[in-house]
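Down below is the structure, laid out as structure tokens.
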Amino acid sequence: MLNPNIVVKRLKTKIYQTTQEIFLAEISDSTLHPKLRTYKLFKSDYRIEPYLILNLSKKCYRKIARFRVSSHNLRIEIGRHVNPIIPLENRTCLKCDMHVVENEIHCLLICHNSQTHREDLIRIANTHLGHFVQLNTEGNLKP
């Protein structure tokens with residue numbers, strides 16, 4: 001006879017694994033959810049994110065969450081909410097002369113206009129993640 005505690009534990013594990021697989025498949029489907037293009041770069045598993053257990057202000061938590069889910073004022077996002085919708089390739093950064101789409105990666109890691117803020121953020125990130133400066137552009141967005 002099976003131990004009920006073992007059955008419950010196996011069932012919980014299976015439900016968690018199935019939920020994680022469905023969740024990751026959903027956010028990875030860019031045709032179904034194009035807005036999650038950046039979120040899927042740093043969301044690699046189904047769990048509470050480490051930044052949520054830090055002692056940050058509510059304002060800071062809100063800003064991080066909004067950035068992660070593309071609820072911000074970068075042209076990549078606001079271009080989808082105007083009428084007529086601005087084609088993706090035309091949502092370029094107006095703060096620099098690179099003529100590239102103003103998305104989260106450009107804003108955080110590439111745009112010359114963000115250099116001063118970026119240096120401060122990289123210094124802080126490197127304090128907590130000693131290898132941060134060695135990561136590639138997209139790797140810097142991963143936890």
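Determine, yes or no, whether Ile64 is exposed (fewer than 11 other Cβ atoms within 10 Å of the Cβ), of a type outside the set (Gly, Ala, Ser) and either within 30 Å of Gln17 (Cα to Cα) or modelled with pLDDT under 85 (or both).
Judged against the criteria, Ile64 is not a match.
What number of residues within the range 59-80 are farther than 12 Å from Asn103 by Cβ and not in a loop (DSSP other than H, G, I, E, B)?
Going through the range 59-80 one residue at a time, the tally reaches 9.
Name every residue in the range 81-98 that is part of a loop (DSSP other than H, G, I, E, B) and of a type in the set (A, V, I, L, M), in order of residue number. Break it down into steps so the answer makes sense when it comes.
Within the range 81-98, the subset part of a loop (DSSP other than H, G, I, E, B) is 81-87, 91, 93-98.
Within the range 81-98, Val82, Ile85, Ile86, Leu94, Met98 qualify.
List, please: which pairs have Cβ atoms under 8 Å, are six or more places apart or on different chains, and start with a residue in the range 113-134 that is of a type in the set (D, E, K, R) and end with one that is modelled with pLDDT of 80 or more?
These pairs meet every condition: Arg118/Leu108; Arg118/Leu109.
Touching a residue at least 60 places away in the same chain (Cβ under 8 Å) and out of contact with any Asp or Glu (no Cβ under 6 Å at 6 or more places or on another chain): which single residue out of Pro50, Pro34 fits that description?
Just a single option satisfies the conditions, and that option is Pro50.
Give the number of residues within the range 15-36 that are at pLDDT 75 or above, assigned to a loop (DSSP other than H, G, I, E, B) and either surrounded by 11 or more Cβ atoms within 10 Å (Cβ to Cβ) or within 13 Å of the chain's Cα centre (by Cα) (or both).
Result for the range 15-36: 1.
Only one of these conditions is not met by Leu56: (1) hydrophobic (A, V, I, L, M, F, W, C); (2) assigned to a loop (DSSP other than H, G, I, E, B); (3) modelled with pLDDT of 90 or more. Which number is it?
(3)
The values are calculated or read from the model by the stated rules, or taken from the named source; none is laboratory data. Quick caveat: nothing in here was measured; it's all calculated off a predicted structure. Using ideal geometry, Cβ is built from the backbone for each residue, glycine included, and neighbour counts are taken over all protein chains shown.
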